[in-house]
Amino acid sequence: MPPLPPGNVRSGVPLAPFTTWRIGGPAQYLAEPGLDEIPALLAWAQSAALPVWVIGRGSNILIDDAGLPGLVLLLRNTLQDVRREGDFLVTGAGVSLPRLAKAAAAEGYAGFEFFIGIPGTVGGAVFMNAGFGPGDPRDTKALLHSVDLILPDGSRETRAAEALHLAYRKSDLQLIPDGAERPLVVGACFVLSQPGDQATIRDETRRHLQERKEKQPLTRPTAGSVFRASDGIPAAIHIQQAGLKGHRIGDAMVSLKHANWIENVGHATASDVRRLIADIIDTVHFRAGIHLFPEVRILPP
Ligand SMILES: Cc1cc2nc3c(=O)[nH]c(=O)nc-3n(C[C@H](O)[C@H](O)[C@H](O)COP(=O)(O)OP(=O)(O)OC[C@H]3O[C@@H](n4cnc5c(N)ncnc54)[C@H](O)[C@@H]3O)c2cc1C
């Protein structure tokens, strides 16, 4: 075991409570760092040859039942600044997306309403380009001006949004696998460009929440859409047509309400979900000749 660095690093911390699926074993080490603590933690992990994992609100990840070796940086409670600077909203990476939506609304700006129902952080939204489906303009890319990064050597860098090449559920940050040395998003700058009146923004926000309630299984632990759309066709259509709604392995079940969501109906393990994902991929490939690719990040990859 490497000597612990100064600061609040805990060992053997269960990670399931930090994921929306409520699945996953413990982190070997876990820290919830403020901005100034991150470089020292990265240096420590490097010196001890430990992988580093970043978790926002854990709403798009499947953590292995054995947990994660190395150091987990959990950013749901830190990096919480939100401030307006002229035509921009500048936020820490740990800010939740519903809070971001509310902050833009409070400033009298529209365009952020869709974030209200996405239970991730700003960092996770940048990494995943969170938003609606392919071709829909409502995504992180449409609002992002630039990001603040901490690089693996601990240095800071501000990068223009274009340099990240955000596309449907993609960014260049994904080119390096989870656990490997890669830039960490610590803040983001969003453009306020659509002034709107409070009542219209409020109605649009309510409409988003209502639509989600109708279409999505929000009463059980899930990670939202499990697969990416392929060729612009929602994965839910392929999965439903393959007759997989309600298909269950252990306590992991293809949602009856939305075929691209997998519900944890009790005490599902990561192994249950992985086997179900593999079953879905095989069945859809067999029936429709289409290969589905997971959108959720499987940790370790
Ligand atoms: C009920 C529900 C509804 C959802 N609806 C949508 C939707 O409409 N549209 C959509 O796009 N997604 C949706 N999702 C998925 C998810 O909320 C988004 O992908 C979100 O952006 C993930 O953010 P997070 O903070 O939870 O990231 P995590 O799940 O914690 O992490 C996801 C990935 O991002 C990386 N990451 C996280 N933070 C950082 C950071 N600061 N720096 C670098 N890398 C980072 C992680 O290492 C990991 O690889 C939904 C999920 C749920 C449970």
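The values are calculated or read from the model by the stated rules, or taken from the named source; none is laboratory data. Owing to the predicted nature of the structure, the values given are computational and were not obtained by experimental measurement. We place every Cβ from the backbone using ideal geometry, glycine too, and count neighbours over all the protein chains shown.
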(Q) Being under 21 Å from the mean Cα position of the chain (by Cα) and of a type in the set (Gly, Ala, Ser) is the requirement here; does residue 108 meet it? (A) no
Q: Tell me, please, whether a residue that is within 11 Å of the ligand (Cβ to nearest atom) and of a type in the set (Gly, Ala, Ser) can be found in segment 184-196.
A: yes
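Answer yes if at least one residue in segment 75-88 is small (Gly, Ala, Ser) and crowded, with 17+ Cβ neighbours inside 10 Å, and no otherwise.
no
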Q.
Looking at segment 263-277, can you tell me whether even one residue there is within 22 Å of the chain's Cα centre (by Cα) and more than 27 Å from residue 17 (Cβ to Cβ)?
A. no
Q: Please find, among 58, 24, 92, the residue that is of a type in the set (Gly, Ala, Ser), on the phi > 0 side of the Ramachandran plot, buried (at least 16 other Cβ atoms within 10 Å of the Cβ) and touching a Leu at 6+ places or on another chain (Cβ under 7 Å).
A: 24
Q | Answer from 222, 200, 269 - the residue that is touching a residue at least 24 places away in the same chain (Cβ under 8 Å), among the polar types (S, T, N, Q) and assigned by TED's automatic domain parsing to the domain that holds residue 140 | A | 200
Q. Taking segment 58-67 on its own, how many of its residues are hydrophobic (A, V, I, L, M, F, W, C) and away from the ligand (no atom under 13 Å from the Cβ)?
A. 1
Q: Would you check which residues across segment 187-230 are in a strand (DSSP E or B), at pLDDT 95 or above and not aliphatic (A, V, I, L, M) and list them?
A: 187, 189, 190, 195, 225, 227
